[in-house]
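The values are calculated or read from the model by the stated rules, or taken from the named source; none is laboratory data. Everything numeric in this text was worked out from a predicted model, so none of it was measured. Cβ sites come from the backbone with ideal geometry, for glycine too, and all protein chains shown count toward neighbours.
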Amino acid sequence: MLQTLDAAALRRWCAGGLAVLRRHQHEINELNVYPVPDGDTGTNLVLTLASAEEALRTDPAEPQRTDPAEGSRADPGEAQRTDPADVSRTDPDGQGAGPPVAADDAGSAHGRVLRRLARGALLGARGNSGVIMSQLLRGLADALCDVPVVRGRALAVALRTASTAAYAAVARPVEGTLLTVAAAAATGAERADTDDLPAVARAAANAADQALARTPEQLPALARAGVVDAGGRGLCLLLHALVEVVTGTPSGTRTALSESSTRPPRGSAPATAVRETGSPDFCYEVQYLLDAEPAAVDLLRVELDRLGDSLVVVGDGAGPGETATWNVHVHVNDVGAAIEAGVVAGRPYQIRVTRFADQAVGPEPGPAVAADNPERAAVVVASGPGLAAILAAEGVTVVDENPSAGELLDAIRRTGARQVVVLPNDPNTQAVAGLAAEEVEAGAVGPGVRVSVVPTRSPVQALAALAVRDPSRRFDDDVIAMAEAAGACRYGEVCHAGREALTVAGRCQPGDVLGLVDGEVHLIGAELVSTCAALLDRMLGGGGELVTLLSGADAPAELADVLRAHLAQRWPFVEVHHYSGGQPFYPLLVGVE
């Protein structure tokens, strides 16, 4: 058994944790697949930790060594095997995992490893679960970097620091989630009150298991589904992987939660998952850099949370009482009040305001222009060969679905432009795009590069935004015009239910056809074509002059012609554009402007 947690043990933990997440990836995904088959928490956690592991492997200054006294390393072959879809792509020079961290900056060998892990996880973070996991690793690094020898009590302090960092990254934390499980792990470690490292690790893992089992009591959606929190399940697996490293033996409780407690029971009715996105009630995005002391920023967070949502405030790590640089981001209606709050807290600068204007009608569609201004570019997230070809023809850089922050940074870098707009095309990718934008702001791509994220939730909104691009306008004005056009485009999706579920449109069964409008289930049908036609009628009932249809990889060949004929009969004055997008899971995507 290990009584201290050193650099070699941390490397084995990363490899072992990645291996166990891969083994349980499908199980974790299933915990949040209800009813639309887009559950990807397991995949996001795997890709996030894979990026962290890649950051260690690409660090030439820290070769992997095994201390004979510590036992054998986890099988590196198992740690690195993965499906092609699970691979986190990284530049050959390692830039995808961030610049090397100097040993003296890390303060210790184990601190250096933790810094590399945290940096790699930050750039590779996928989805909300990946972002929160990267903050947990950052908290561990902050707490242990300067600790000469990591024993049990030091680990307990680090787990509390990690939990605090994760909560701080979320403006409005929700209990019954990964955050709750992380806090419970810290409490369990503290209650052990010993320097015995294996005892503290076991106490943290066991407390996390117990908290995970209670998550359905805290989150009604989990209770209705009969499942536990997916992100919390992933954290429990990582903590038990740590127990295996420090004890040298398999963690007996790593799979203590039975199948009945982690998966929906037969006959249960899972509830539609709530996606963590900003409210459409707020029309402006305000961002600025701020020089201020931490105490003033604490008051600023309270004030901005009162004014709006989607609040993120990230600092550069200065100590209490010191002036630090902070990146402030919030969605509000009162722009002046948000900026004034920054003036009260300190010195705001590089202030940027984007007007979403969700109800505004955008300018008449025109040809998209990109190559005319080499100083300006667009990076668009999309899947499907047809859709990728359409976007590439518009002169944009296309990134495959569910990218990491590092992959978005690579795409921004490849454009060579000084002004780049990013269209994420999915609510879950918006947080990752925000991380990439913050890294650009901090100089990750180079001095003077600006990035703005237009919060598109569907490829049809991206097409609407690209149609109004004009490189002759000021960059900020062009971004506002694109945001207005995207906001004026309502989007619809048609897919098949993955399992029985209770939705706002009623109960669906596996295989039912679901029609969604702006991410909410509006229709449940038995046949694809008729449900698609009904969805178009539902969307056009609220008005619209231009309809965009994107047929998916699984769409029947006659779908487009049937829908065109339907629209010509029922809505003769509507202009219709159809493209073969080839996107997976969704036979039809619809945009109405």
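Among Ala125, Ala109, Ala169, which is modelled with pLDDT of 90 or more and in the same structural domain as Gln210 (by TED's automatic domain parsing)?
So the residue among Ala125, Ala109, Ala169 that is modelled with pLDDT of 90 or more and in the same structural domain as Gln210 (by TED's automatic domain parsing) is Ala109.
Residues in the range 552-570 that are crowded, with 17+ Cβ neighbours inside 10 Å and of a type outside the set (Gly, Ala, Ser): how many?
4
Yes/no matrix, rows are residues, columns are (1) part of a helix (DSSP H, G or I); (2) over 21 Å from Leu21 (Cβ atoms); (3) among the polar types (S, T, N, Q); (4) out of contact with any Leu (no Cβ under 6 Å at 6 or more places or on another chain):
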| position | (1), (2), (3), (4) |
| --- | --- |
| Ala185 | yes, no, no, no |
| Val200 | yes, yes, no, no |
| Ala203 | yes, yes, no, yes |
| Ala223 | yes, yes, no, yes |
| Val228 | no, no, no, no |
| Gly234 | yes, no, no, no |
| His240 | yes, no, no, yes |
| Val245 | yes, no, no, yes |
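Here is a check on your reading of the model: is Leu179 buried (at least 19 other Cβ atoms within 10 Å of the Cβ), within 20 Å of Glu244 (Cα to Cα), without any contact (Cβ under 8 Å) to a residue 60 or more places away in the chain and within 21 Å of the chain's Cα centre (by Cα)?
When the stated conditions are applied, Leu179 does not pass them.
So which of Ala165, Ala184, Ala118 is touching a Lys or Arg at 6+ places or on another chain (Cβ under 7 Å), buried (at least 18 other Cβ atoms within 10 Å of the Cβ) and under 23 Å from Thr4 (Cα atoms)?
Selected residue: Ala118, the only one of Ala165, Ala184, Ala118 that is touching a Lys or Arg at 6+ places or on another chain (Cβ under 7 Å), buried (at least 18 other Cβ atoms within 10 Å of the Cβ) and under 23 Å from Thr4 (Cα atoms).
Look through Ala223, Ala205 and report the one residue that is over 21 Å from the mean Cα position of the chain (by Cα), assigned by TED's automatic domain parsing to the domain that holds Gln25 and closer than 30 Å to Leu502 by Cβ.
Going through Ala223, Ala205 in turn, just one is over 21 Å from the mean Cα position of the chain (by Cα), assigned by TED's automatic domain parsing to the domain that holds Gln25 and closer than 30 Å to Leu502 by Cβ: Ala223.
Just to be sure, is Ala171 in contact with a strand residue (DSSP E or B) (Cβ under 6 Å, 6 or more places away or on another chain), farther than 21 Å from Val46 by Cβ and either in contact (Cβ under 8 Å) with a residue 24 or more places away in the chain or surrounded by fewer than 19 Cβ atoms within 10 Å (Cβ to Cβ) (or both)?
yes
Restrict the check to the range 510-533 and report whether at least one residue is closer than 28 Å to Ala389 by Cα, surrounded by fewer than 17 Cβ atoms within 10 Å (Cβ to Cβ) and assigned by TED's automatic domain parsing to the domain that holds Leu409.
no
Let's see how each residue does on (1) touching a residue at least 24 places away in the same chain (Cβ under 8 Å); (2) closer than 21 Å to Pro403 by Cβ; (3) out of contact with any strand residue (DSSP E or B) (no Cβ under 8 Å at 6 or more places or on another chain):
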| position | (1), (2), (3) |
| --- | --- |
| Thr429 | yes, yes, no |
| Val432 | yes, yes, yes |
| Val453 | yes, yes, no |
| Asp470 | yes, no, yes |
| Cys489 | yes, no, no |
| His496 | yes, no, no |
| Val504 | yes, no, no |
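Yes or no, residue by residue, for (1) under 24 Å from Gly519 (Cβ atoms); (2) modelled with pLDDT of 65 or more; (3) surrounded by 15 or more Cβ atoms within 10 Å (Cβ to Cβ):
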| site | (1), (2), (3) |
| --- | --- |
| Tyr284 | yes, yes, yes |
| Leu290 | no, yes, yes |
| Leu299 | no, yes, no |
| Gly317 | no, no, no |
| Asn327 | no, no, yes |
| Val330 | yes, yes, yes |
| Gly346 | no, yes, yes |
